[in-house]
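No lab work stands behind these numbers, since they all come straight from the coordinates. Nothing here was measured: the structure is a model prediction, and the numbers come from that model. Quick reminder, even Gly has a Cβ in these numbers, built from the backbone with ideal geometry, and neighbours come from all protein chains shown.
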There are 2 protein chains.
Amino acid sequence: MIKVTLAGTGGTMPLKNRWLSSCMLFTEGHAILIDCGEGTQIALKLAGCKSKPIDTICITHFHADHISGLPGLLLTMSNEGRVDPVTITGPVGLTRYVRALCMIAPNLTFPVQCVEYDKEHPVVLSHKIEITPFPVRHSVACLGYRFELKRSGKFLPEKARANQVPLKLWSSLQNGNTEILDGKQYTPDMVLGEPRKGLTIVYATDTRPTDRITRHAEEADLLICEGMFGSPEKLPRAKESGHMLFSEAAAIASEARVKRLWLTHYSPSLEFPEEELSFARSIFTASECGFDGKSEELDFPE
Amino acid sequence: MIKVTLAGTGGTMPLKNRWLSSCMLFTEGHAILIDCGEGTQIALKLAGCKSKPIDTICITHFHADHISGLPGLLLTMSNEGRVDPVTITGPVGLTRYVRALCMIAPNLTFPVQCVEYDKEHPVVLSHKIEITPFPVRHSVACLGYRFELKRSGKFLPEKARANQVPLKLWSSLQNGNTEILDGKQYTPDMVLGEPRKGLTIVYATDTRPTDRITRHAEEADLLICEGMFGSPEKLPRAKESGHMLFSEAAAIASEARVKRLWLTHYSPSLEFPEEELSFARSIFTASECGFDGKSEELDFPE
């Protein structure tokens with residue numbers, strides 16, 4: 001299960017009635033925050049998400065509306081007594097930006113580790129959770145993120161018996177551990193069927209459409225994608241600023257055959273996104289407008 | 001006249017229902033912001049203050065709750081099309097901090113000039129407005145600020161006549177200008193009486209009580225002073241963290257014979273400041289609780 005919550009859905013600047021885009025994922029004991037603009041720590045509180053458990057912060061890029069809330073959030077987590085390390089991922093240059101911003105957040109009570117984008121390696125949080133950053137197309141280096149909660153194969157007692165796995169190891173192997181008993185190694189595949197499709201969420205903001213988003217979003221359970229503008233009239237503005245129309249996000253969702261699309265990162269000029277949702281729905285039916293506080297628990301398919 | 005608005009009144013971290021301490025002064029065509037924590041740009045909007053006209057930002061110190069909103073605010077002013085320069089004042093080191101934070105606010109549409117604290121010189125905005133920073137006592141270098149709107153002497157036609165000032169220069173001299181006509185210099189004092197008492201506002205947060213605050217606040221029209229804690233039980237906590245009780249702020253107000261005291265910069269633990277106001281009023285009657293959006297126009301006394 002992944003609980004996904006949009007803390008904010010705005011782009012460019014925080015508004016009186018719309019927080020800057022950010023998203024929280026809770027799964028398997030991990031709390032993953034995507035982006036942290038000005039006010040995100042308040043938006044999280046309003047959306048019912050605690051800050052202290054956040055162990056991973058995925059930054060898309062270094063524009064203020066996506067990162068300026070970082071020092072404040074880290075200080076609040078410090079004030080709340082966090083001691084466990086926090087990993088921050090982002091484009092190349094991340095360490096330098098985090099160091100600069102943290103000039104005003106010295107003496108944190110926990111270590112911060114920066115992981116800059118490495119196209120060869122996903123960020124592996126546990127044997128069940130994998131985060132894959134991928135470059136998108138904005139005015140500066142910017143990353144999309146693919147989050148996968150893996151799902152092991154079904155537990156098959158007949159396979160365990162056929163492989164002569166001692167009964168007392170069944171549960172551990174089922175949970176993905178490898179065991180050694182009396183000099184013999186037992187691996188999870190000795191008790192499990194073929195791996196099943198996991199749960200995938202893809203997050204892409206501050207980008208024009210690119211094939212790479214479509215590829216990473218392929219058959220995702222949820223695509224959270226920017227829709228800076230609704231009406232097609234705004235296409236020149238979208239192109240110029242490195243953003244997307246609702247219809248462009250919907251076209252990616254459709255081509256990638258995702259289950260659902262949540263739009264986010266609205267322009268301050270887009271006051272009522274719902275009124276323009278039809279621009280997305282006409283292309284991809286399962287399009288929804290994200291809003292501050294939108295939250296759902298996604299489960300593995302039956 | 002000075003219009004003074006408290007955009008926020010909280011300390012440490014922004015809350016769901018209280019913005020971080022900051023204050024806006026409008027006077028004589030100048031818009032002066034004191035401190036800019038996370039969310040201050042939103043707090044300003046909610047308080048009805050526009051960001052674009054801000055020409056001076058006075059930073060008390062470099063803790064995140066007082067400066068982390070700076071890059072976002074500057075970007076918003078940029079998005080709003082400001083072109084006139086902005087002066088930022090603060091403790092020594094300001095330039096380095098502003099440069100670091102502005103890594104995420106590149107390409108501003110206006111120049112930013114940093115003025116680090118210089119104990120010899122006030123910041124002079126015009127011949128009518130003078131800002132005097134002064135050190136206070138916190139865990140790090142921190143400044144209080146005294147704002148003075150000067151008031152020239154009364155215009156005295158009989159004095160102008162006695163000094164043989166040509167009639168056509170009267171208005172200009174009355175407005176503080178010096179004029180030269182037919183090789184002769186005419187100065188404002190040739191048409192004006194003795195300078196009258198101006199309008200003074202003193203702002204001091206993140207400090208223990210010090211004589212220096214009292215001295216600068218002497219007979220001020222308004223002292224805006226931190227009251228991190230209400231109850232006297234919190235004195236050890238106040239001392240440890242470099243903050244004040246309501247009663248300590250009130251004692252300064254009383255000793256300095258200010259006209260009014262506004263409390264601000266409340267601890268997140270202080271949920272209902274009004275309930276503890278008596279701790280201040282028992283010492284200084286004209287004590288008031290600041291609150292987000294509290295705004296008044298102060299005039300020269302009759």
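Shape class of chain B from the alpha-carbon gyration tensor: oblate, with a/c at 1.5 or above and b/c at least as large as a/b. Sequentially through the range A:287-302, phi angles give Karplus couplings (6.51, -1.76, 1.60; θ = phi - 60°) of 8, 9, 7, x, 8, 4, x, 4, 8, 8, 9, 9, 10, 4, x, 4 Hz, Gly and Pro residues having no value and appearing as x.
Summing Cβ point charges (Lys, Arg +1; Asp, Glu -1) relative to the Cα centre of the range A:159-242 gives a dipole of roughly 160 debye.
Packing here is the average count of other Cβ atoms within 10 Å per residue, and on that basis the peptides A:28-39, B:291-302, A:121-132, highest first, run A:28-39, A:121-132, B:291-302. Site pair residue B:84 and residue A:140 shows an inter-label distance of 2.8 nm when each label is modelled 7 Å from Cα along Cα→Cβ.
Report the residue, chosen from A:266, A:97, A:117, that carries the largest GNM mean-square fluctuation when chain A is represented by alpha-carbon nodes joined by springs under 10 Å. Checking each option, the largest mean-square fluctuation is seen for A:97. Over all pairs of different C-alpha atoms, the range A:162-250 has a mean inverse distance whose reciprocal, the Kirkwood radius, equals 16.7 Å. Taking the convex hull of the alpha carbon positions in the range B:230-296 and averaging its projected area over all directions gives 4.7 nm². Considering every alpha-carbon pair of the protein assembly as shown, the percent of pairs per 20 Å bin, from zero through the bin containing the longest distance, is 19, 43, 26, 10, 2, 1. Peptide A:11-21 shows a mean partner chain C-beta count of 3 within 10 Å per residue C-beta.
Projected over all directions and averaged, the alpha-carbon convex hull of the range A:29-81 occupies 3.4 nm².
Based on C-alpha pairs under 8 angstrom that are at least 6 apart in sequence, the range B:192-302 has a relative contact order of 27 percent. Ordering A:247, B:231 from the fewest to the most neighbouring beta carbons within 10 Å gives B:231, A:247.
Across the identical copies, the label point of residue A:195 (7 Å from Cα in the Cβ direction) is separated from its matches by 7.7 nm, in order from shortest. Work out the P(r) tail for the range B:52-162: percent of alpha carbon pairs separated by more than 16 Å, whole number. Summing the P(r) tail past 16 Å for the range B:52-162 gives 64 percent. To the nearest ten degrees, helix A:246-255 and the longest principal axis of the Cα atoms of chain A are 30 degrees apart. The dipole here belongs to the range A:210-302: it is taken about the Cα centre, uses +1 on the Cβ of Lys and Arg and -1 on the Cβ of Asp and Glu, and is about 380 debye.
Whole-Hz Karplus values for the range B:123-136 come out as 8, 9, 7, 6, 5, 9, 10, 10, 10, 10, x, 8, x, 10 Hz, taken residue by residue from phi with 6.51 cos²θ - 1.76 cosθ + 1.60 and θ = phi - 60°; glycine and proline positions read x. Ordering A:134, A:110, A:72 by the projection of their Cα atoms onto the charge dipole of the range A:52-156, which places +1 on the Cβ of Lys and Arg and -1 on the Cβ of Asp and Glu, puts A:134 at the extreme positive end. Compactness of the range B:176-302 was expressed as the Cα radius of gyration divided by 2.2 N^0.38 Å, which yields 1.40. Rounded to the nearest 10 degrees, the angle from helix A:70-79 to the longest Cα principal axis of chain A is 50 degrees. About its Cα centre, the dipole of the protein assembly as shown is roughly 380 debye, where the only charges are +1 on Lys and Arg Cβ and -1 on Asp and Glu Cβ. Cβ crowding within 10 Å, taken as a proxy for footprinting-reagent exposure, orders B:84, B:221, A:55 from fewest neighbours to most as B:84, A:55, B:221.
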